[in-house]
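Notes follow once the structure below has been shown.
Please treat every number below as a calculation from the coordinates, not as lab data. Worth saying up front: this structure is predicted, and the values here are computed from it rather than measured. No Cβ is skipped: glycine too gets one built from the backbone with ideal geometry, and neighbour counts run over all protein chains shown.
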Amino acid sequence: MISKIIKSDLKRYSSGVGLKEFIKAWRSPCFRFLFFFRKVTSSRKYTIVWFFYFLFYRKLFIKYGLQIPTSVKIGKGFLLPHFGGIVINSKTVIGENCSVLQNVTFGNTKSGKTPGSPKIGNRVYVGPGALIVGGIEIGDDVLIVGNSFVNMDVPSNSVVIGNPAKIISKNNPTEKYIKL
């Protein structure tokens, strides 16, 4: 199961799943981080293998500013094209084939209209500097424009822009942003 997930991630980084593509993707700090994230989350806790993967995961977690705890549920085909400043709350759920750019935060709120952590659908593109907070649900095929502040549910097939967020309905908004 984990090898299928890693292959899906690899395909998003290098457009293939062979050894040559793996070596190409390995040059990306974000792919290396995601590889060890997947290995840690799939290994039995506190075994020697888990400890080995966890050491590399933790080193990359700190070195590249990718604060993604192992309790985050991330679907296959996840892409981080740029590293740095990515913070994801531990209870966040992210669907398949999503792309998250630099300086993005998926945050938790303790009170207000939408307490909790976000649930992100499939094929969601999150632009740089976006802030997504609260127990909200983002539908499938959603494009969140950079520097947007999202604290409300977003239906599928939408573009989200601005602060406060404005939702614009559009068919296949992520078509040119997410390559499968």
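If the cut-off is 22 Å between C-alpha atoms, which lysines fall inside it for K45, apart from same-chain ones fewer than 8 positions away?
Reachable lysines: K4, K59, K73, K76, K91.
In the chain, once you exclude exposed trypsin sites (Lys or Arg not before Pro) (DSSP loop, at most 14 other Cβ within 10 angstrom), what's the longest stretch remaining?
It runs 46-109.
Could you tell me the center-to-center distance, by alpha carbons, between region 26-42 and region 75-100 in angstrom?
Between the Cα centre of region 26-42 and that of region 75-100, the gap is 12 Å.
From the phi angles alone, apply the Karplus equation (6.51, -1.76, 1.60; θ = phi - 60°) to region 92-105 and give each ³J(HN,Hα) in whole Hz, x where the residue is Gly or Pro.
Using θ = phi - 60°, the values come out as 6, 10, 10, x, 8, 6, 9, 10, 10, 8, 5, 6, 9, 10 Hz.
Show me the chymotrypsin sites (Phe, Trp or Tyr not before Pro) within region 93-180 that DSSP assigns to loop and that have at most 16 other Cβ atoms within 10 Å of their Cβ.
Y177
Can you give the helix-only mean residue ellipticity at 222 nm for the chain, where every DSSP H stretch with n ≥ 4 adds -39500 (n - 2.57) and the sum goes over all residues, rounded to the nearest 500 deg cm²/dmol?
On the way: 4 runs with 51 residues, N = 180.
After summing the helix terms and dividing by residue count, I get -9000 deg cm²/dmol.
I'd like to verify something in the chain: which complete DSSP H helices, judged by Cα projection on the helix axis, reach 15 Å or more and average at least 0.0 on the Kyte-Doolittle scale?
Length and hydropathy pass: 29-42, 48-63.
Just the number, please: percent antiparallel of the DSSP beta bridges in the chain, rounded to the nearest 5.
15 percent
Place +1 on the Cβ of every Lys and Arg and -1 on the Cβ of every Asp and Glu in region 33-180, take the dipole about the Cα centre, and give the residue among Q67, V40, V124 whose Cα lies farthest towards its positive end.
Among Q67, V40, V124, the one farthest towards the positive end of the dipole of region 33-180 is V40.
Taking the Cβ-Cβ separation of S169 and S111 as r and a Förster radius of 30 Å, what is the calculated FRET efficiency to the nearest 0.05?
Once the sixth-power term is evaluated, E becomes 0.50.
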